[in-house]
Amino acid sequence: MDSIVIQGGKRLEGAIPISGAKNSALTLLPCAILTDEKLTLSNLPRLADVDSFGHLMNELGVSTKIEGMHKGEIGRRMTLRAENLISTVAPYDMVRRMRASILVLGPLLARAGDATVSLPGGCAIGDRPIDLHLQALEAIGAEIEIAAGFVRATAPGGKRLSGGDFTFPVVSVGATENAVMAAVLAAGRTNLYNAAREPEIVDLCRLLQKMGAHIEGEGSPHIKIEGVEKLHGCTYAVMPDRIEAGSYACAAGITGGSVDLIGIRPEDMLATTNALVQAGLMIEFHDHGMKVSADGPLRPLALSTAPFPGFATDMQAQFMAMLCRAKGESFLEETIFENRYMHVPELRRMGANIDVRGRSAIVHGVDHMTGAKVMATDLRASMSLIIAGLAAEGETEVLRVYHLDRGYERLEEKLSAVGATIERRGGG
């Protein structure tokens, strides 16, 4: 099994191109099911999760063709075509390995009137039930049956959904995505209240609009959808990854560095940039992205995760690693997932001083950290260990880096290009 080895203490300086967003790509891919025409996605990141989702699409009968980069692009292109679906079942093995597989439920239901998806079960960072997905689909006309570890959703008579109104009791990104994809081919109007407002939701709606869907209110808590009979194909660029950009910004902060994050959209990550500024970093926006520079000691923060436009839960672990070197005590509160501090014991192995009390963590800044052999537990926790290792004295070896490969494209290459001493080793 591969590991990543870092010789810490190097200041990062230079430019890092930001890849297409993993969380958006995994939402845009199933949109191919909604039309029998070609859908081409550009700026697609080269990630394990994207490849796995492509395999799932193949099992459903969707053809996929991957091309290299075109001039001016930084990611791959994939052309998908669901001319004839051969299956409406997402099997357990696929859903077990990648929870985003649940996002085929809405489009399969909309296109074929029938969808069967394995129940995903628990998750390393906490339970993420799909109750809200099912309640939203029921509200727009689906009939739901759960048996033998699978959920089956059908449209009455195997035809079109009716559309309807649904208010999410709590904000849910995945449930909002599934509901939007199911509603675009419904026979009537759908109103989604208390919908998720994340930029990835906006990206999904913009793709569907380009395919011919009638959607209003994306980016607001009230999304209005007027169903249409048919969608068409198009070419669409995946949005830049705001979480990847924020991660590299934290790496610049902890190493006292200065990095240009090329291709980001500042409006997607205001909560992150505000927190970076409060921590003492300098932010300069320019035509090609954003420059993040550490000028002086890091300042402690009080942060609480929240749905967009609040501070993203996917940035909590990276900020925690950076704040290990702040001058003072930082307070972090995790409100989204109940078990997202599994990186704390590993950071402690590197000299961090962190107290966890339920969903809260107090980070006592330390003067220095030391390299150690540590183990990644999930995607963002993995990146927190990389960030800590960049500033630690001596060698840090991060095990289980397959987590990183799910969400960070060409990590070693990008960090090496800005001055890090980092390499991947086999058999770690």
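Computed values, structure above
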{"quantity": "Single residue of region 77-93 satisfying the filter (over 12 Å from T116 (Cβ atoms) and surrounded by fewer than 20 Cβ atoms within 10 Å (Cβ to Cβ)) that is modelled with the lowest pLDDT", "calculated": "D93"}
{"quantity": "Number of the condition not met by A252 [criteria: (1) buried (at least 17 other Cβ atoms within 10 Å of the Cβ); (2) under 20 Å from the mean Cα position of the chain (by Cα); (3) assigned by TED's automatic domain parsing to the domain that holds G310]", "calculated": "(2)"}
{"quantity": "Number of the exception - M322 against (1) aliphatic (A, V, I, L, M); (2) within 18 Å of the chain's Cα centre (by Cα); (3) under 16 Å from A279 (Cβ atoms)", "calculated": "(2)"}
{"quantity": "Meets criteria (part of a loop (DSSP other than H, G, I, E, B), among the small types (G, A, S), modelled with pLDDT of 90 or more and surrounded by 22 or more Cβ atoms within 10 Å (Cβ to Cβ)) for G106", "calculated": "no"}
{"quantity": "S24 vs. criteria under 24 Å from the mean Cα position of the chain (by Cα), in a helix (DSSP H, G or I) and at pLDDT below 95", "calculated": "no"}
{"quantity": "Any hit, region 264-284, residues being modelled with pLDDT of 95 or more, part of a strand (DSSP E or B) and either under 16 Å from the mean Cα position of the chain (by Cα) or farther than 28 Å from T396 by Cβ (or both)", "calculated": "yes"}
{"quantity": "Helices (runs of 4 or more DSSP H) contained entirely in region 131-233, each with at least 2 residues that are among the small types (G, A, S) and touching a residue at least 24 places away in the same chain (Cβ under 8 Å)", "calculated": "131-139, 173-183"}
{"quantity": "Enumeration of residues in region 284-296 that are under 19 Å from R325 (Cα atoms) and either in contact with a Ser or Thr (Cβ under 8 Å, 6 or more places away or on another chain) or of a type in the set (K, R) (or both)", "calculated": "V292, S293, A294"}
{"quantity": "When residues of region 388-428 are limited to those that are crowded, with 22+ Cβ neighbours inside 10 Å and of a type in the set (G, A, S), the one nearest to R348 (Cα to Cα)", "calculated": "A388"}
{"quantity": "Residue check for D287: under 29 Å from R359 (Cα atoms) and among the acidic types (D, E)", "calculated": "no"}
{"quantity": "Among (1) within 22 Å of L204 (Cβ to Cβ); (2) of a type in the set (S, T, N, Q); (3) not in a helix (DSSP H, G or I), the one test that T116 misses", "calculated": "(1)"}
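Yes/no per residue for (1) more than 18 Å from L109 (Cα to Cα); (2) of a type in the set (D, E, K, R); (3) buried (at least 18 other Cβ atoms within 10 Å of the Cβ); (4) in contact with a helix residue (DSSP H, G or I) (Cβ under 9 Å, 6 or more places away or on another chain):
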| site | (1), (2), (3), (4) |
| --- | --- |
| V170 | yes, no, no, yes |
| A175 | no, no, yes, yes |
| N178 | no, no, yes, yes |
| A183 | no, no, yes, yes |
| T190 | no, no, yes, yes |
| E200 | yes, yes, yes, yes |
| E218 | yes, yes, yes, yes |
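The values are calculated or read from the model by the stated rules, or taken from the named source; none is laboratory data. Small disclaimer: the values here were computed from a predicted structure and weren't measured. Glycine also receives a Cβ, built like all others from the backbone with ideal geometry; neighbour counts cover every protein chain displayed.
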